[in-house]
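Here is the structure we will look at.
The values are calculated or read from the model by the stated rules, or taken from the named source; none is laboratory data. Given the structure is predicted, the values throughout are model-derived calculations rather than measurements. In this analysis, Cβ positions are derived from the backbone assuming ideal geometry, glycine residues included, and neighbour counts consider all displayed protein chains.
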Amino acid sequence: MAEHSDPNAPWKTLSGLGTSVVTALLFLFFLQFLPTVAAGSPVRWVIPWIPSLDVNLTFWIDGLSLMFALLITGIGALVMLYAAKYLAGHPQYDRFALYLFSFMLSMLGLVLADNLIALFVFWELTTFTSYLLIGFSHADPKSRRNALQALLLTATGGLALLAGFILIGVSQGTFELSELTAAGSLVGQEYYTLILFLVLAGAFTKSAQVPLHFWLPNAMAAPTPVSAYLHSATMVKAGVYLLARTHPALSGSDLWIWILSIFGAVTAVFASFMALRQTDLKQTLAYTTLMALGTLVMFLAGSTGYAITAAMTFLLVHSLYKAGLFLTIGIIDHATGTRDANILGGLKSAMPITAMAAAAAGLAMAGIPPFLGFIAKEVAYAGALEMQLMLFVLPMALIAFALMFAVAGIVAYKPFYGPQGQLPHDPHEGPWPMLLGPVVLGVLGLAFGLMPGIAAYYIIEPAVAAVMGAPDTGGRVKLWAGFNLPLLLSLITFALGFLIYAKHQALRARLSQIEARAPDLDARWDDLLDVFVRFAKGQTRLIQTGVLRQYMFATFAVFALTVLVTLITRAAGGPALNFAGLQFMEWGIALLILVGTVLVVLTSSRITALVALGTVGIGVALIFITYSAPDVAITQLLVELLVVVLLALALLKMPHLDPSGVQKHSFPNAVLAIAVGALTTWVLLLVVDQPFDRRLTEFFEGASWTEAFGRNIVNVILVDFRTLDTFGEIAVVLVAALGAFVLLKGMRATKEEEKK
Amino acid sequence: MNSIIFTAGARILVALVFVFSLFMLLRGHHLPGGGFIGGLLGAVAFIIYSLACGPEETRSALRVSPEIIAVIGLGIALLAGLFSFFMGDPFFTGQWYWVGGDSYETSVFSINTVLVFDIGVYLVVLGGILSLTFAFEEEA
């Protein structure tokens, strides 16, 4: 594989190391906020962005965002270091480092943003960087397709989210999350249901809840460090973050409880079965991530202390062990050339450190004491017992956790123990930059489990307090909670999980039979896109005929109709015609214009028509001169001149007019032309009838000399008073010229190709 | 066009029209003229030349390709606007510096961003129209 070239190659550039170091420094920067936030005082920064719309770039560090920020920067630094080695020698490694770093910053912005609009912008940035990263192997059509699928699905959810945010902002009068959280619940308010559905659409697509889950396993087309970082530890948790963030405002209604419980539980159980079914270890991990997301959503349905503590603890522990496991799988893939669960085995002697790290992550995943995973599971059962839909949530949680136990065995135990299979390469231990991540994450999972007080005080309880919207009394996170129902449930989980692990080969065969009969949402997605493309093609054929005459006809017909309708509905009277003040010269100019017009219409030669049209333009310029507007007149003259030259150049290349063709279309064209002309004249006469408002004229007459030191008002307006407009105009001139230039060049290139 | 008279006359005419276009550009702030008109006139000058001698020779006479002239023009216009930024004024506020005095009346001449902006306009219009014309002429 190209991206797995020589693992011992020297680091190609500093970009990998550099991004990793910067991210690590950010991690240290956020660490300093731990004591402040743990003491219950969030930190807030405000940067005005669009003050007129009340959109500010506000950042808010409370328990929840700090936990996410630490995970993002901490795991980010480790993953970037890992990626530097994993993709060493890849020709586009620099690009990869840029994407990954941009993603890290976007994700950081997402969790720190206090303003809903800013949050949305960062939300879309993570979608976009994720798209670039999934499609990193851009030569592979499957990779491109999966990237596009993820982009379309999550961006659609993002748009719903934007609508929801705007509704929240408009109905509540503030876009600041901190103010919304303080203001209390939106339940029962006018737009609550709509807001809830829109926000959930965003959260569920991002966090891949069933039935919108299928993009996440496909996203594993990305290189393994990306899967570890984006599609497991951070980005997919953005949806969970959003639910946690809006928990104070939106939770508590029956709708919230039912939707989150059901979607979360179904996702968790479905994903755990799917995880068991996979033989590619990376796919297995993808589905276990889905299971974790489902579990998190399910617990966020609740509002009790235990439910929220369960969600936050599980979120922390999952990020640690899942990133670790993904990185471990990457090392195995790197060293052996395969990720197939059926082949891998007995790697322990060749890869002792990897085996240790995988064991630590696996034990946390299985929820074995004294790892933090055990505590998370205990708290989760305690939380499930308190939930409103306990009879539904508890069994679902039990099934999911038992399956998780079995999957942990498949991922973290089986590849390292037992007989060694037929491997493509001889296994060897990974290099230290790749080992550091899994080892650190594994050690943290154990350390937090042994010292739950520290993890609880600094990380989990502040996060719980942020979600609950009230200070957390704490005391729920402990290694030994006594003989109680959660402990019993844990023991049942272990027994059940062990049973499943022992029978997992048979179960897997059975599951693949079931899967073959189930509807394939991924294929339906392609069908949906096909329908869209066909619709787009059909309507393009209908509207975009490619015949210029038809476009012109449609444009002018619409113009004539809208003007006519407006004039009739506004009951506009006939204009007052007053020819009294007209001089001989004005009659002369009018005659010139008229003759030119008639000639354009009647001639059958393109060049004659063009020159006659030029006469009309020069007549208009003459009118400007008689009314002393020299600047406008000069411009008009020059433009007319250039139009004639340019069109003449174009016309030289065109065939002669076909007289019969002209006649065929002449009647409707004549009617339309006369209608447009008459209506425009009517409107203009009505406008002239109105008393002239001289306020602007007087301002410019007065100010152009005193304020802008210019006597030519037209020029002063162009380059001083309305410079920004002029700047926009010249930008348009440039873009139009470049566009036409490229089009014409393109035509020439095709012609030359045809000649060959 | 193979007329000798036109070709010979064009060489003189081009120089005259081109100088006239610069004249129109510079006097624009007080009298009819300015970047738009100047740019159009400048384009006319080179179009005459290209009709007489062909687009290829005109390109080499210009030395810089018209697309680049237009882009540079937009850059200059932008810089003229950004300059006020560094002086602490809102975007595109005209900046005036009097040479030999402290106001318009007492100074000999002034250096200002407004003229710089107008030069940018001139270059965009000149370059834009020329790139279009050349593309038309060369498309065969």
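Numbers below:
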{"quantity": "Filter pass, A:Ser20 being farther than 19 Å from A:Ala455 by Cβ, of a type in the set (Ser, Thr, Tyr) and not assigned by TED's automatic domain parsing to the domain that holds A:Thr328", "calculated": "yes"}
{"quantity": "Residue under evaluation B:Gly75, criteria (1) part of a loop (DSSP other than H, G, I, E, B); (2) more than 9 Å from chain A (Cβ to nearest Cβ); (3) not polar (S, T, N, Q), criterion not met", "calculated": "(1)"}
{"quantity": "Test result for A:Tyr191, in contact with a helix residue (DSSP H, G or I) (Cβ under 7 Å, 6 or more places away or on another chain) and surrounded by fewer than 18 Cβ atoms within 10 Å (Cβ to Cβ)", "calculated": "yes"}
{"quantity": "Among residues of segment A:716-733, those that are of a type in the set (Phe, Trp, Tyr) and more than 9 Å from every other protein chain (Cβ to nearest Cβ), counted", "calculated": "1"}
{"quantity": "Number of the condition not met by B:Glu67 [criteria: (1) crowded, with 24+ Cβ neighbours inside 10 Å; (2) at the interface with chain A (Cβ under 7 Å from one of its Cβ atoms)]", "calculated": "(1)"}
{"quantity": "Looking only at segment B:22-47, and only at residues there that are among the aromatic types (Phe, Trp, Tyr) and more than 9 Å from chain A (Cβ to nearest Cβ), the one that is nearest to B:Ser65 (Cα to Cα)", "calculated": "B:Phe46"}
{"quantity": "Search result, residues across segment A:693-750 that are surrounded by fewer than 12 Cβ atoms within 10 Å (Cβ to Cβ) and modelled with pLDDT under 80", "calculated": "A:Gly746, A:Ala749, A:Thr750"}
{"quantity": "Among (1) outside any helix (DSSP H, G or I); (2) over 18 Å from A:Phe374 (Cβ atoms), the one test that A:Tyr458 misses", "calculated": "(1)"}
{"quantity": "Residue in segment A:471-492 that is over 29 Å from A:Gly63 (Cα atoms), surrounded by fewer than 21 Cβ atoms within 10 Å (Cβ to Cβ) and of a type in the set (Phe, Trp, Tyr) present", "calculated": "yes"}
{"quantity": "Candidates A:Leu651, A:Leu641, A:Leu594, filtered to the one that is surrounded by 12 or more Cβ atoms within 10 Å (Cβ to Cβ), within 14 Å of chain B (Cβ to nearest Cβ) and either under 28 Å from A:Val558 (Cβ atoms) or in contact with a Pro (Cβ under 8 Å, 6 or more places away or on another chain) (or both)", "calculated": "A:Leu651"}
{"quantity": "Cβ pairs under 8 Å, 6+ apart, first in segment A:73-94 and in the same structural domain as A:Leu31 (by TED's automatic domain parsing) and assigned to a loop (DSSP other than H, G, I, E, B), second among the hydroxyl-bearing types (Ser, Thr, Tyr) and surrounded by fewer than 20 Cβ atoms within 10 Å (Cβ to Cβ)", "calculated": "A:Ala88/A:Ser5; A:Gly89/A:Ser5; A:His90/A:Ser5"}
{"quantity": "Verdict on B:Ala80 being part of a helix (DSSP H, G or I) and within 11 Å of another protein chain (Cβ to nearest Cβ)", "calculated": "yes"}
{"quantity": "In segment A:514-523, residue farthest from A:Val210 (Cα to Cα) [restricted to those that are surrounded by 10 or more Cβ atoms within 10 Å (Cβ to Cβ) and not aliphatic (A, V, I, L, M)]", "calculated": "A:Glu515"}
{"quantity": "Qualifying residue in segment A:59-66 (condition: in a helix (DSSP H, G or I), at pLDDT 90 or above, among the aliphatic types (A, V, I, L, M) and not assigned by TED's automatic domain parsing to the domain that holds A:His318)", "calculated": "yes"}
{"quantity": "Candidate set from segment B:15-34 (those that are at pLDDT 90 or above and buried (at least 22 other Cβ atoms within 10 Å of the Cβ)); member that is nearest to A:Thr723 (Cα to Cα)", "calculated": "B:Leu25"}
{"quantity": "Answer residue from segment A:334-390, given it is surrounded by 24 or more Cβ atoms within 10 Å (Cβ to Cβ) and touching an Asp or Glu at 6+ places or on another chain (Cβ under 9 Å) and is farthest from A:Gln505 (Cα to Cα) among those", "calculated": "A:Thr354"}
{"quantity": "Some residue of segment A:304-315 being part of a loop (DSSP other than H, G, I, E, B), at pLDDT below 90 and over 22 Å from A:Pro419 (Cβ atoms)", "calculated": "yes"}
{"quantity": "Hey, A:Ala465 closer than 30 Å to A:Ala182 by Cβ, in a helix (DSSP H, G or I) and hydrophobic (A, V, I, L, M, F, W, C) or not", "calculated": "yes"}
{"quantity": "Among residues of segment A:417-453, those that are surrounded by 19 or more Cβ atoms within 10 Å (Cβ to Cβ) and in contact with an Asp or Glu (Cβ under 9 Å, 6 or more places away or on another chain), counted", "calculated": "1"}
{"quantity": "Candidate set: segment B:85-122, residues that are more than 9 Å from chain A (Cβ to nearest Cβ) and more than 19 Å from A:Phe709 (Cβ to Cβ); chosen: the one surrounded by the most Cβ atoms within 10 Å (Cβ to Cβ)", "calculated": "B:Tyr122"}
{"quantity": "Subset of segment A:148-202 [part of a loop (DSSP other than H, G, I, E, B) and either touching a Gly at 6+ places or on another chain (Cβ under 7 Å) or not assigned by TED's automatic domain parsing to the domain that holds A:Asn56 (or both)]", "calculated": "A:Phe175, A:Ser185, A:Val187"}
{"quantity": "Qualifying positions in segment A:702-715 - more than 7 Å from chain B (Cβ to nearest Cβ) and either of a type outside the set (A, V, I, L, M) or free of Cβ contacts under 8 Å to residues at least 40 places away in the same chain (or both)", "calculated": "A:Gly702, A:Ala703, A:Ser704, A:Trp705, A:Thr706, A:Glu707, A:Ile713"}
